[in-house]
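Report on the following structure.
Bear in mind these aren't lab numbers, they're just calculated from the coordinates by the rules spelled out. These numbers come from a predicted model, not from an experiment. Don't worry about glycine lacking a Cβ; one is built from the backbone with ideal geometry, like all the others, and counts go over all protein chains shown.
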Protein chains: 2
Amino acid sequence: MTQNPSPRKQLIEFLCGFPALNEVLISKLVEMIPVIAPARGTILVREGEVPADCYFVLKGLVRQYQFIDGNERTTEFYTETHGIVSSRHYTEQTLSPFFLECMEDCLLIAGNMEIDEANYREFPELREITRHMLEQDLNRSKEDHARFILSSPADRYVHFMETRKDLSNRVPLHQIASYLGMTAESLSRIRKRIIS
Amino acid sequence: MTQNPSPRKQLIEFLCGFPALNEVLISKLVEMIPVIAPARGTILVREGEVPADCYFVLKGLVRQYQFIDGNERTTEFYTETHGIVSSRHYTEQTLSPFFLECMEDCLLIAGNMEIDEANYREFPELREITRHMLEQDLNRSKEDHARFILSSPADRYVHFMETRKDLSNRVPLHQIASYLGMTAESLSRIRKRIIS
């Protein structure tokens, strides 16, 4: 864990984004919600472990990957705009098939079922916020999936650059290629064609 | 709209699945929650329309599809086990790029933002149930997407038959092929190889 200068400030900034929360409530929530600051390289969950916590990315980048026939394959990048790091393996407490690794120094809200339940009981407004966030993330996830089904590899890359351009400077190309369901060589060819 | 013998009974059965709801609450909710029974062939939303409602499938099958270069492409099948029919276009009230069509006589919970808000205010327990359903659907959607990225077309079909076998008798093969991101010919070859 590294020391972050202002995790509290980041959390306040994040909570201020929800009109349902007033200032009094926000200052109470800041005391309740656990924020952690894992350093770049921290593995949050390993393949074969039962995830103890779920997370929300306030700052930084968490990558989800797994090994298929010895090859590392990236299946998700969680960032400030795609923040909910959770899975069936967390909610059902089963073995994770994938790794979750901090690719940058991160600031994460760390939740688990007991803390969440206690907070929901004390602050019912949180339920509404969580519902809203889940709904948004679900819609985006469905839309991403529909687009993936419908698109050619080149279209996928163009859309990725339109919507997640920030990532292109934060992760190596072979991880982007893997996430877009193609080899690094294919992505390289597509990029050359687009540039020329 | 066709007459369904027992929409009320189906709704009660569905609500009984949530331990957080007691019998008194369920009988109140049954009066509040609007259930519709659109017949096979009903188009719930057309491309270019703003979706007025979102739905939950109690019974039947709703297919999501759109036209790409004149070809109809299926991107989702919503059934009793994958029930939440919603999208960014509903929550943001923008033009739908896809159609939603009832492929069977259906029984659907029809929601919209005003009804939902009124029900949430009167029955706070509903928020928790909705949160739980959204969380489950989000986890499944993410998992489906990760699997799609990682799998070969043959693996996708095998997994489809393991997890959504019920669909294989309910929709034509070319729609399944499209949903799995392949041509009908490729799926046909894969099926032959698996059978032999």
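Scaled against 2.2 N^0.38 Å for its residue count N, the alpha carbon radius of gyration of the stretch A:1-64 is 1.30. Computed over all pairs of different Cα atoms, the Kirkwood value for the hydrodynamic radius of the stretch A:56-145 is 14.6 Å. Compute the Cα gyration tensor for the stretch A:151-196, then decide on rounded, prolate or oblate, letting a ≥ b ≥ c be the square roots of its eigenvalues: rounded whenever a/c is under 1.5, prolate when a/b is larger than b/c in the other cases, and oblate in all that remain. Taking the square roots of the gyration eigenvalues as a ≥ b ≥ c, the stretch A:151-196 is rounded. Residue by residue through the stretch A:81-86, what is 3J(HN,Hα) from phi via Karplus (6.51 cos²θ - 1.76 cosθ + 1.60, θ = phi - 60°)? Round to whole Hz and write x for glycine and proline. Computed from phi, the couplings for the stretch A:81-86 are 9, 10, x, 7, 9, 8 Hz.
With Rh defined as the Kirkwood radius, the inverse of the mean 1/r over Cα pairs, the Rg/Rh of the protein assembly as shown is 0.96.
For A:L58, the amide hydrogen comes within under 5 Å of the amide hydrogens of A:L107, A:L108, A:I109, counting only partners 5 or more places away or on other chains and with H modelled in the peptide plane.
Pairs of Lys residues in chain B that lie 8 or more places apart, or on two chains, and have C-alpha atoms under 21 angstrom apart add up to 5.
Taking the Cα centre of chain B as the origin and placing charges on Cβ (Lys, Arg +1; Asp, Glu -1), which of B:H82, B:I195, B:T42 is farthest toward the positive end of the dipole? Projecting each Cα onto the dipole axis, the largest value belongs to B:I195. Against chain B, whose longest principal axis comes from its Cα atoms, helix B:153-163 is set at around 40 degrees.
Amide H contacts of B:R40 (H built 1.01 Å from N, in plane; Pro and chain starts excluded): B:D105, B:C106 sit under 5 Å, all sequence-distant by 5 or more or on other chains.
For chain B, the mean residue ellipticity at 222 nm estimated from helices alone is -14500 deg cm²/dmol, where every DSSP H run of n ≥ 4 contributes -39500 (n - 2.57) and the total is divided by all residues, rounded to the nearest 500.
Phi angles across the stretch B:17-23 convert, under the Karplus curve 6.51 cos²θ - 1.76 cosθ + 1.60 with θ = phi - 60°, into 3J(HN,Hα) values of x, 9, x, 5, 9, 8, 5 Hz, Gly and Pro given as x. Rounded to the nearest 0.05, what FRET efficiency is calculated for B:T183 and B:I68 with R0 set to 22 Å and r the Cβ-Cβ distance? Once the sixth-power term is evaluated, E becomes 0.95. Applying the Karplus relation 6.51 cos²θ - 1.76 cosθ + 1.60 with θ = phi - 60° to the stretch B:188-196 yields 3J(HN,Hα) values of 4, 4, 4, 5, 4, 5, 5, 5, 7 Hz, where x marks Gly and Pro. Return the distance in nm (one decimal) between the two label points of a simple spin-label model at B:S152 and A:K192, each offset 7 Å from Cα along Cα→Cβ. According to this spin-label approximation, the distance is 2.7 nm. Model label points for B:T91 and B:E114, set 7 angstrom from Cα along the Cα-to-Cβ axis, are 2.2 nm apart.
Over the stretch B:7-125, the alpha carbon radius of gyration divided by the compact-protein estimate 2.2 N^0.38 Å works out to 1.13.
The angle between the Cα long axis of helix B:125-150 and the main principal axis of chain B comes to about 10°, on a 0 to 90 degree scale.
Taking amide H as placed 1.01 Å from N in the peptide plane, A:V45 has its amide H under 5 Å from the amide H of A:L100, each at least 5 places away in sequence or on another chain.
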